[in-house]
2 protein chains.
Amino acid sequence: MPRQFRKQVFCCTTEGEGKCATKGGVEVWQKFKEEVAKRGLTDVIVTRVGCTGQHAVGPTVIVHPDGLWYRQVTPDDVAEILEKHIIGGQPVERLVNPEMRVKAD
Amino acid sequence: MPRQFRKQVFCCTTEGEGKCATKGGVEVWQKFKEEVAKRGLTDVIVTRVGCTGQHAVGPTVIVHPDGLWYRQVTPDDVAEILEKHIIGGQPVERLVNPEMRVKAD
């Protein structure tokens, strides 16, 4: 049975000095998984991801297919990102990292 | 200076028995980085990614914003994925994992 998702949320959990794991990236990843499960969002997949070079403003979260980077995400921001962006379709502007973007042609 | 990418290529490098790293996932990730650099594709970002549960058919590669999963990717497949899909816009059908997809509403 193929699984089709509407969103894929990537949370950086890279270890090492100054990297996202030292700033709470693992907790953000765990919180996304918990909150997605709690809401029964079977069309959202949460994945941990390696370094994209944005740890100065980490923890990093990337949402696809939107191609949007979030910065300095804390576990307390997770519900807001899920409700406003993942469910509601509106990015949480105060957390958007304007330095990075994936956008189709 | 903001960086805008056209594609983000995620390569699974998860370690552990039967996981993508034991099947060559790290080599696939390194090959993508090398081949992207060699071609000067500054609008393509290559990122390592954690487990999405598809290691039975790993190594896994995911291309966004397309939301397409590839399975059983070897370093020898990397140039073809870059040329046909990332540059040419046509997925390499023989490597597509039909079980997983991210697709916007």
*For residue B:33, list the lysines whose Cα falls under 19 Å from its own Cα; do not include residues on the same chain fewer than 8 positions away.*
B:7, B:23, B:84
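If I stretch the segment between residue B:79 and residue B:101 completely, what's the gain in nm (0.36 nm per residue apart, minus their alpha carbon distance), one decimal? Could the numbers behind the result be given before it?
Numbers: separation 22, 0.36 × 22 = 7.92 nm, distance 2.22 nm.
Extending this stretch completely gives an extra 5.7 nm.
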*Amide H neighbours of residue B:103 under 5 Å, counting only residues 5+ apart in sequence or on other chains, H built in-plane at 1.01 Å?*
A:5, A:6
*Do you know which residues of the range A:62-98 lose at least 50 square angstrom of accessible area in the protein assembly compared with their chain on its own, with a 1.4 angstrom probe?*
A:64, A:65
_From phi via Karplus (6.51, -1.76, 1.60), per-residue ³J(HN,Hα) for the range B:64-77 in Hz, x at Gly/Pro_ = 10, x, 5, x, 9, 9, 10, 10, 6, 7, 10, x, 5, 8
*Which whole-number percent is the relative contact order of chain A (Cα, under 8 Å, 6+ apart)?*
28 percent
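In square angstrom, what is the accessible area per residue of the range A:1-85 with a 1.4 angstrom probe?
Per residue, the range A:1-85 has 43 Å² of solvent-accessible surface.
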*If we hang a label 7 Å off Cα along the beta carbon direction at residue A:91, how far is it from the matching labels on the other copies, in nm, shortest first?*
2.5
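Helix-only mean residue ellipticity at 222 nm, chain A, DSSP H runs n ≥ 4 weighted -39,500 (n - 2.57), per residue, nearest 500. What is it? Please report the intermediate quantities before stating the final value.
Values: 1 runs with 14 residues, N = 105.
For chain A, the value works out to -4500 deg cm²/dmol.
Out of the total accessible area of chain A (probe 1.4 Å, heavy atoms of protein only), what percent is carbon and sulfur?
49 percent
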*Report which residues of the range A:1-49 become buried by 10 Å² or more of accessible surface when going from the isolated chain to the complete set of protein chains (1.4 Å probe; DNA, RNA and ligands ignored).*
A:1, A:2, A:3, A:4, A:5, A:6, A:8, A:10, A:45, A:47, A:48, A:49
*asked:* So if I place +1 on the C-beta of Lys and Arg and -1 on the C-beta of Asp and Glu, and nothing else carries charge, what would the dipole magnitude of chain B be about its Cα centre? I want it in debye, nearest 20.
replied: 220 debye
_Per-pair calculated FRET efficiency, R0 = 25 Å: residue B:34 and residue A:42 via Cβ, rounded to 0.05_ = 0.10
*Provide the percentage of antiparallel DSSP beta bridges, counting only those with both residues in chain A; round to the nearest 5.*
60 percent
*Can you run phi through the Karplus equation (6.51, -1.76, 1.60; θ = phi - 60°) for the range B:54-63 and list ³J(HN,Hα) in whole Hz, with x for Gly and Pro?*
9, 5, 4, 10, x, x, 8, 10, 10, 10
*For the range A:1-78 versus the range B:39-105, the gap between their alpha-carbon centres in whole angstrom*: 20 Å
*How do B:87, A:45 stack up against each other in accessible area, from largest to smallest, with a 1.4 angstrom probe?*
B:87, A:45
*Please give the residues of the range B:43-76, grouped as numeric ranges, whose backbone N is less than 17 Å from a label point set 7 Å along the Cα-to-Cβ vector of residue B:94.*
B:59, B:70-76
*Net charge contributed by nearby residues that have their C-beta within less than 14 Å of residue A:58 (K/R +1, D/E -1)*: -1
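The values are calculated or read from the model by the stated rules, or taken from the named source; none is laboratory data. Just so you know, these numbers come straight off a predicted model, no measurement behind them. Heads up, the Cβs are rebuilt from the backbone with ideal geometry, glycines too, and the neighbour counts pull from every protein chain shown. What goes into the accessible areas is simple: the full protein's heavy atoms, side chains included, and nothing from ligands, DNA or RNA. Shrake-Rupley method; radii C 1.70, N 1.55, O 1.52, S 1.80 Å.
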